[in-house]
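A short worksheet on the structure shown next.
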Number of protein chains: 2
Amino acid sequence: MCHTVAVTERIDHTLRGSWTPVAGSLPPHALRWLRERIGLGDVRTPARAPQVPESLLSDPAKAALGEVVGPGYVRVDRDSRLGRAGGLSYVDLLRQRGDGGLAVPDAVVLPASPEQVVDVLKACVEHDVAVVPFGGGTSVVGGVTALRGDKAAVIALDLHRLDRLVSVDPVSRLAVLQAGLPAPRAERLLAAHGLTTGHVPQSYERATIGGFAATRSAGQASSGYGRFEDMVEGVRLATPVGEWRLGGAPASAAGPDLKRVVVGSEGVLGVITEVSLRVRPRPAVERYEGFVVDGWERGSAAVRRLAQRRVLADVTRLSDVDETAVSLALAGGWKTNALKAYLRARGVRRPCMLILGWHGASKAEVARRRAETLRGVRLVSLGKALGEAWRHGRFNGPRQRDALLGLGVCVETLETATHWSRVSELRAAVREALVDALGDCLVMCHISHAYETGASLYFTVLAARDAADPVGQWQVAKAAASEAITGLGTISHHHAVGTDHAPYLEAEVGGLGLDVLASVKRTLDPTGVLNPGKLLVGDFTRAGLASPGDR
Amino acid sequence: MCHTVAVTERIDHTLRGSWTPVAGSLPPHALRWLRERIGLGDVRTPARAPQVPESLLSDPAKAALGEVVGPGYVRVDRDSRLGRAGGLSYVDLLRQRGDGGLAVPDAVVLPASPEQVVDVLKACVEHDVAVVPFGGGTSVVGGVTALRGDKAAVIALDLHRLDRLVSVDPVSRLAVLQAGLPAPRAERLLAAHGLTTGHVPQSYERATIGGFAATRSAGQASSGYGRFEDMVEGVRLATPVGEWRLGGAPASAAGPDLKRVVVGSEGVLGVITEVSLRVRPRPAVERYEGFVVDGWERGSAAVRRLAQRRVLADVTRLSDVDETAVSLALAGGWKTNALKAYLRARGVRRPCMLILGWHGASKAEVARRRAETLRGVRLVSLGKALGEAWRHGRFNGPRQRDALLGLGVCVETLETATHWSRVSELRAAVREALVDALGDCLVMCHISHAYETGASLYFTVLAARDAADPVGQWQVAKAAASEAITGLGTISHHHAVGTDHAPYLEAEVGGLGLDVLASVKRTLDPTGVLNPGKLLVGDFTRAGLASPGDR
């Protein structure tokens, strides 16, 4: 362990210009740099309108669903259906731009209450209709792809009308929230009570409470607030065989924790309609700060020590050398040579950026917690501006990706987690697999979720897109990365399984694990209407990566 | 919230005498007091030797088991069988003393490895033998009662030969421990690496690692180290259909957390043979201190504030007025009138004792954490001696109970947990139910596990034993308490379900919850050899409290 005195120096203001969040477009210098780095040609790739097939929902099914939710809430128009056609993975986006077959739901159904969701499911069983629960549509693993499985039709079950803050218990710091609440609206409703979930993943702007629970989401401040599953105290699940409610105590030994079977079930075992969440007072003060450490090994060792001393900042995010370089290049405000000299003078030759953020009820509390975190860790501070820049740009990933997509870039992220003793081995293995598969490419990595026993690894990949087979290009790379992860870490730390990780689940939970999940599914969804082809793959996807085109 | 300056005064040394841990016997003054308080007669109740029926294990079954574990490790002698006849609940102890029918296993089988456990289970399936996994035998809810279910015989599967520390990963702070390790030995093995689990329940001296996992145990220092289930990163489960291994990452979103299906499964879904645990450095310094607060409402509000500010001491234990009075009376060293005057002068008329304990790497760290806990909370300190006295006597509960048992006392504990807004309501309801059922009795209560959203409630009950039907007397009271708990809290916070809570599980997890558990059981234990009558009750126990006499 490092017992040296903390070296947290403040960078001179003259070293940096202004940090500007990058949203929606790339600055010219970044684009030039990128062209050089990944050998990008000057190909603009305009989107084509995707094909929308005829709806296969039968009239009796439509009538039955209309009876439950009201006829106006069973929508078969092109825009409604296209708006719920898949999630936000790179392959989803390609398909939405006209590359490859897009799976479009036959209808969108919008129930207004937990009771209506149960009745919708019963109607779907009766009319042989598959159901894809749909919240913000932010899945990046195919979790909301409109697969029919062996059913006659498939609906997107859009939960946005379940948008109530049902109750607040301020003494117990518990709130019951409906599943369709988008995170920003949930936060506004809680803010009226002075409360927050503290759950802020990159999908925050669109994702919903139900989606967080269904996918075991982890937010950017997970070090402080915990993973979403750790906040869930109770769930209300609609299934084709009725409603299942769990929760009511802060902790229990009344048999296995069945709530944990529901959380992470990805719409395959039921539709989460409400969750009871542990909430906290909204922080009055947030302080974000940027640091650098010399090299990945030292950086990850520092984060490990903070986690094991249990003094992590609420937000703790370590970028590797490549991601640090790109972050600084993209930001564009740094006087690069002066910064290099500044860092070199402090022994930092291979800077790894570390963003730390503390929340608290007062400046004094935040200062106290900051001091606790920094005691005995050797970090060079680059000041609050870098931290604030990160905070302002924290949701821009998807927008930057949209910009890159239009420039012919193959751009995607993937993530995993493992124990500390394997973190560097896993990072190297995934990098190597991606470089082998993609050739000239840029692979960046960061730790954004740290635990006493290990950490997550989040990779961002950029390569020149293979215009002939863009979907295939990425699927080969993704398979290579997934193979590299298998045996060394988990196939997903917070993106979930969906279609994309389903082929790797057996290696992680065993054949018995799949059997157990299947037995639970048979109990709750005997006819298999719920989200076919996700998590537990059927025969039609078992052979490889699920592809709607294969149906 | 209370923002007043902390009032932590140190009691004058002249106020107290020496604290002597009470072990194995009651001091005369305590006995006098007890006789008065619960109307105890002068009845000594000597134990009778329980009857041990012939073993029903068939010769072929015995031979098959001997082939797996070696003939010397299949034991049918009286002492071996009697030594694994049930756990340590009050009713268990009565039965072991000759009151009511005692369920004695037909044999004790001692496997030496996880592989042998799988083979034992397969042999049991083949020979129609029920299996009760047996660690320390400390269940207080009938979890290790030797019920045959519909099988021809029942064995106690004693796991004590699985006693290895399999591996330690000091970087990731992970240790793999075998299930049969008694806690003290596990701690000694870890101590050689400078590590600890920090898991210290009252059953510590006898209980095993596997038992902790199977029952979702919570230790006395759970506020600092977490519940046992929160330490478990991986499990190895032997089942009749093969071995199931889970774990390998600090966190995951690869579907539901199936590890949580195994943890808390009470030997009904499989036999836990190894667990991978998050461990921590052994604390160099431990400081325990006793405080008092004026009244239960203020006391529980103070604990709630500490939990919600996330500055709980590692050990946090609040006794109600009655438990405080008994603790002081039992301790016997306090100059009662002087103490009363001392407390009254500080505004404390209804003292509730609060034991706080901090662990740390140094005196400075412990002092820092203590200051953090005490900032802004109004407590009157009674000094370190009271804290140390609690620490030294922390495992004496069972021994005191033995002493009371011999004196004709009906003495038992039960526990639950609920959200803060219901803590006082639940405490009152359980007290009322017990007093209604038992008449003249003493009901004491404490909070020993606090969370942001709620707390556990632990009750100790003393009454004069009904000599005519001691088992029935308690079963009526337990049923009344369980009914009172149902709907307000969980049927068990850390004792598990066993036979005693099984009738109340449906009210907590729903019919669908039972169906889900049953479907998992059918998958892993298709013929139902594993621990019949526990957790998921079969028809033979469904109608009421399981009683071996009913078989």
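The values are calculated or read from the model by the stated rules, or taken from the named source; none is laboratory data. Here the structure is a predicted model, which is why all the values come from computation and not from measurement. Cβ atoms come from the backbone with ideal geometry, glycine included; neighbour counts cover every protein chain shown. We work out accessible area using only protein heavy atoms, side chains counted, and drop any ligands, DNA or RNA first. Shrake-Rupley method; radii C 1.70, N 1.55, O 1.52, S 1.80 Å.
One table, with the values for the structure above:
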read-out	value
Filtered residue count, region B:394-415, keeping only those that are over 16 Å from the mean Cα position of the chain (by Cα) and either outside any helix (DSSP H, G or I) or within 26 Å of B:Arg305 (Cβ to Cβ) (or both)	4
Subset tally (residues that are open to solvent by less than 50 Å² (accessible area, probe 1.4 Å), aliphatic (A, V, I, L, M) and part of a helix (DSSP H, G or I)) for region A:60-88	6
A:Arg206 of a type in the set (D, E, K, R) and closer than 22 Å to A:Val520 by Cβ	no
Yes/no for A:Asp230 being in a helix (DSSP H, G or I) and either open to solvent by less than 10 Å² (accessible area, probe 1.4 Å) or within 30 Å of A:Arg32 (Cα to Cα) (or both)	no
Residue tally, condition more than 18 Å from B:Arg280 (Cα to Cα) and either of a type outside the set (Ser, Thr, Tyr) or more than 10 Å from chain A (Cβ to nearest Cβ) (or both), over region B:214-247	14
Residue list for region B:146-181, restricted to those being more than 14 Å from every other protein chain (Cβ to nearest Cβ), open to solvent by 10 Å² or more (accessible area, probe 1.4 Å) and out of contact with any Phe, Trp or Tyr (no Cβ under 9 Å at 6 or more places or on another chain)	B:Arg148, B:Lys151, B:Ala152, B:Asp163, B:Arg164, B:Leu165, B:Val166
Single match in A:Arg427, A:Arg422, A:Arg431 (criterion: more than 23 Å from A:Gly41 (Cβ to Cβ), within 12 Å of chain B (Cβ to nearest Cβ) and of a type in the set (Lys, Arg))	A:Arg422
Residue match in region B:439-458 (condition: in contact with a helix residue (DSSP H, G or I) (Cβ under 8 Å, 6 or more places away or on another chain), assigned to a helix (DSSP H, G or I), open to solvent by 30 Å² or more (accessible area, probe 1.4 Å) and within 12 Å of another protein chain (Cβ to nearest Cβ))	no
Subset of region B:375-397 [closer than 19 Å to B:Ala221 by Cβ and either open to solvent by 40 Å² or more (accessible area, probe 1.4 Å) or of a type outside the set (A, V, I, L, M, F, W, C) (or both)]	B:Lys384, B:Gly387, B:Glu388, B:Arg391, B:His392, B:Gly393, B:Arg394, B:Asn396, B:Gly397
Some residue of region A:259-271 being open to solvent by 10 Å² or more (accessible area, probe 1.4 Å) and assigned to a strand (DSSP E or B)	no
Any hit, region A:30-45, residues being farther than 19 Å from A:Val326 by Cβ, within 29 Å of the chain's Cα centre (by Cα) and at pLDDT 50 or above	yes
When residues of region A:480-499 are limited to those that are under 19 Å from the mean Cα position of the chain (by Cα) and open to solvent by 20 Å² or more (accessible area, probe 1.4 Å), the one farthest from A:Gly226 (Cα to Cα)	A:His495
Complete set of residues in region B:501-531 that are open to solvent by 10 Å² or more (accessible area, probe 1.4 Å), touching a strand residue (DSSP E or B) at 6+ places or on another chain (Cβ under 9 Å) and more than 7 Å from chain A (Cβ to nearest Cβ)	B:Tyr504, B:Ala507, B:Gly511, B:Lys521, B:Gly528
Sole exception among (1) touching a Leu at 6+ places or on another chain (Cβ under 7 Å); (2) at pLDDT 95 or above; (3) closer than 30 Å to A:Gly270 by Cβ for B:Thr527, by number	(1)
Among residues of region B:229-258, those that are touching a Lys or Arg at 6+ places or on another chain (Cβ under 7 Å) and of a type in the set (A, V, I, L, M, F, W, C), counted	6
Residue in region A:132-143 that is assigned to a strand (DSSP E or B), crowded, with 24+ Cβ neighbours inside 10 Å and not β-branched (Val, Ile, Thr) present	yes
